[in-house]
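The values are calculated or read from the model by the stated rules, or taken from the named source; none is laboratory data. Every value quoted in this text rests on a predicted model; they were computed, and no experiment measured them. Glycine also receives a Cβ, built like all others from the backbone with ideal geometry; neighbour counts cover every protein chain displayed. Calculation scope for accessible area: heavy atoms of the full protein, side chains included, ligands and nucleic acids excluded. Shrake-Rupley method; radii C 1.70, N 1.55, O 1.52, S 1.80 Å.
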Amino acid sequence: MKFLLFRLWNYARGYVIIIVEGFFIEKFINICARRRILLWNVRIQKEHRVTARMSISGFRLIRPVARKTGCRVRLLKKTGLPFVFNKYRRRKAFFAGAVLFFILLNVLASFIWSIEISGNERLETAFIEDVLAGNGIKPGRLKYGIDTRATVDRMMLEIGRISWISINIRGTKVKVQIREREDIPEIVPRHIPCDVIAQRDGIVKQIIATEGIEAVAEGQTVKKGQVLISGRIPVKGSEEQYRHVHAMGTVKARTWYEAEVPVVFTETERLRTGRMIKDHSLILFSKKLDLIRRKNRFSEYTTEETRKKLTISEDLVFPFEWVVVTRYEVTSVQASIRETDAREKAAEEAYKEALELVPEGAEIIEENIYFTEEDGKLTARAILECVEDIGLSRRIGGN
Amino acid sequence: MAKSNPGNTNAKPGKGRNRKGTIKKSFREKFTELLELPKDLLLDRPKLTLIGCRDMMIENYKSVLEYGVGYMRVKTGSGIVRITGNNLVIREISHDDIIISGTVHSVEFTDAG
């Protein structure tokens, strides 16, 4: 390691390889050492002849030493950066380009060029980008002077629907991570009187009130919002007076979820003909420059876009982007499907759609798929029968 | 003699001067031993370090006396060190230290003082 550094340092400083010939080579070496002219890799070639390496500044001081000791010094090779630079000394544009490169690299690396938002499920990315831009974080802004902590606090207040947010500036990229707040139903505090109402339509299967009076009977059809367990208990002997309690209990009901999907007997397939057009464009600082743009000759086509961003590693993104838009010519081919296959496909889709409607905690007790024909059109219908707790607390007098 | 030049007793020939010289030397040596000071620095002694048989470092050398094919003679405070070996190369030479690499066969002190 030490020698590697030593060699790198010597390369940066530049050195020469010399041949020393004479009868008093030892004297030459001693005088060099005494005059602090650093010599290294002194290698004996044959009797009275050595090769050695020395610094450029040392080489300038060597002439009197050589004369004093009667040695002949020949220059064998020049190595190192100073000689490389010397070679290109007259090429000013080359140097200007090299300097400009480093300046530009630094300048470009001090701006924000991309924003990466992750963790948002319901909030739209564009909306978060807008809020970020409102707080001064947007592509093209100088990355210095951004107070991420203050921005985090402001974002929390402005968006409101998030439980956690973190903003990190990495290279030219801003990484925003978000955790959305879960919407939980309002819980009525224990000491406040309330009713238990129906969350959705259904047929009551079982009702057990632990507090309050059962307002519906088993087997009764209930509508959404209907009071199932009442928190108003009439006081005995009085018609008008009521005692208010915090009604509680479980109300199990049968509910139905259904979805419809039409059965399709033909399927359109788009096949590529093999002909395509490629458009090239360059995006510089969010400005699009069309380099190659050709006329569209196809009546039917699909497009595909590939973007290549100039990046160093993952985080240092530069505002240059190469966009290739490829248009493939396609022809539509109508293919007919067998009836059994078509029915099966539609039934499956309907079942999947219905399943998505079933809330968490509901138990599916029956699955039915029907086919109905209307005006010559066949439709698949999936009906899922469930048993679930439909009770929901609501303050008395509230909604 | 003592009467005419009392201050010049030290310059007496024979036993006295000899003893004086040895006393002076042993005093310095004793002094460094007493204080546990590094001998190579105070007594102008060389420090030879051999790493295997490939690299050798001589600190506190005086001068290179001879450098030939397969051997080298280095003058130090403890006499002349003669090194023989194959492909002996002076890796680095500065005012105080010399680093030699190659395959060292022997290291011997000649003309030890």
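Selection of the range A:300-335 for residues being assigned to a loop (DSSP other than H, G, I, E, B) and open to solvent by 70 Å² or more (accessible area, probe 1.4 Å) yields A:Ser313, A:Glu314. When residues in the range A:88-101 are screened for being open to solvent by 90 Å² or more (accessible area, probe 1.4 Å) and more than 18 Å from A:Pro319 (Cβ to Cβ), 5 of them pass.
Exactly one residue among A:Leu105, A:Leu81, A:Leu75 is in contact with a helix residue (DSSP H, G or I) (Cβ under 7 Å, 6 or more places away or on another chain) and open to solvent by less than 90 Å² (accessible area, probe 1.4 Å), and that residue is A:Leu81. Selection of the range A:331-379 for residues being under 11 Å from A:Glu260 (Cα atoms) and of a type in the set (Ser, Thr, Tyr) yields A:Tyr351, A:Tyr370, A:Thr372, A:Thr379.
Give the residue that is surrounded by the most Cβ atoms within 10 Å (Cβ to Cβ), with candidates limited to residues of the range B:77-88 that are touching a Ser or Thr at 6+ places or on another chain (Cβ under 9 Å), more than 9 Å from chain A (Cβ to nearest Cβ) and not aliphatic (A, V, I, L, M). Checked the range B:77-88; the qualifying residue surrounded by the most Cβ atoms within 10 Å (Cβ to Cβ) is B:Gly85. Pairs meeting the criteria (first residue in the range A:359-387 and assigned by TED's automatic domain parsing to the domain that holds A:Lys345, second residue of a type in the set (Lys, Arg) and not in a strand (DSSP E or B), beta carbons under 9 Å, at least 6 apart or on different chains) are A:Pro359/A:Arg200; A:Phe371/A:Arg343; A:Leu378/A:Arg343; A:Ala380/A:Arg343; A:Ala380/A:Lys345; A:Ala382/A:Lys352. If I ask for residues that are in a loop (DSSP other than H, G, I, E, B) and of a type in the set (Val, Ile, Thr), which ones from the range A:164-180 would you list? Residue satisfying the conditions is A:Thr172 alone. Taking first residues from the range A:341-354 that are within 13 Å of A:Leu378 (Cα to Cα) and partners that are at pLDDT below 85 and buried (at least 20 other Cβ atoms within 10 Å of the Cβ), the Cβ contacts under 7 Å between residues at least 6 apart in sequence or on separate chains come to A:Ala342/A:Val263; A:Arg343/A:Val263; A:Ala346/A:Val263. Quick check, is A:Arg63 within 29 Å of B:Asn86 (Cα to Cα) and at pLDDT 90 or above? Criteria not met by A:Arg63.
The criterion of at least 1 residues that are within 14 Å of chain B (Cβ to nearest Cβ) and of a type outside the set (Phe, Trp, Tyr) is met, among helices (runs of 4 or more DSSP H) falling completely within the range A:12-122, by A:25-34, A:56-60, A:62-69. Given the criteria at negative phi, aliphatic (A, V, I, L, M) and without any contact (Cβ under 8 Å) to a residue 40 or more places away in the chain, does A:Leu310 qualify? Against the criterion (at negative phi, aliphatic (A, V, I, L, M) and without any contact (Cβ under 8 Å) to a residue 40 or more places away in the chain), A:Leu310 qualifies. Could you tell me whether the range A:283-292 includes any residue that is closer than 13 Å to A:Ser114 by Cβ, of a type in the set (Asp, Glu) and surrounded by fewer than 14 Cβ atoms within 10 Å (Cβ to Cβ)? No, the range A:283-292 has no match at all.
Checked against (1) in the same structural domain as A:Glu388 (by TED's automatic domain parsing); (2) surrounded by 15 or more Cβ atoms within 10 Å (Cβ to Cβ); (3) without any contact (Cβ under 8 Å) to a residue 24 or more places away in the chain; (4) within 49 Å of the chain's Cα centre (by Cα), A:Ile165 passes all but a single condition, namely (1). Within the range B:39-52, the presence of at least one residue that is exposed (fewer than 15 other Cβ atoms within 10 Å of the Cβ) and within 14 Å of chain A (Cβ to nearest Cβ) is confirmed.
Of the residues that sit in the range B:89-113 and are open to solvent by 20 Å² or more (accessible area, probe 1.4 Å) and aliphatic (A, V, I, L, M), which one is farthest from the other protein chains (Cβ to nearest Cβ)? Here the residue is B:Ala112.
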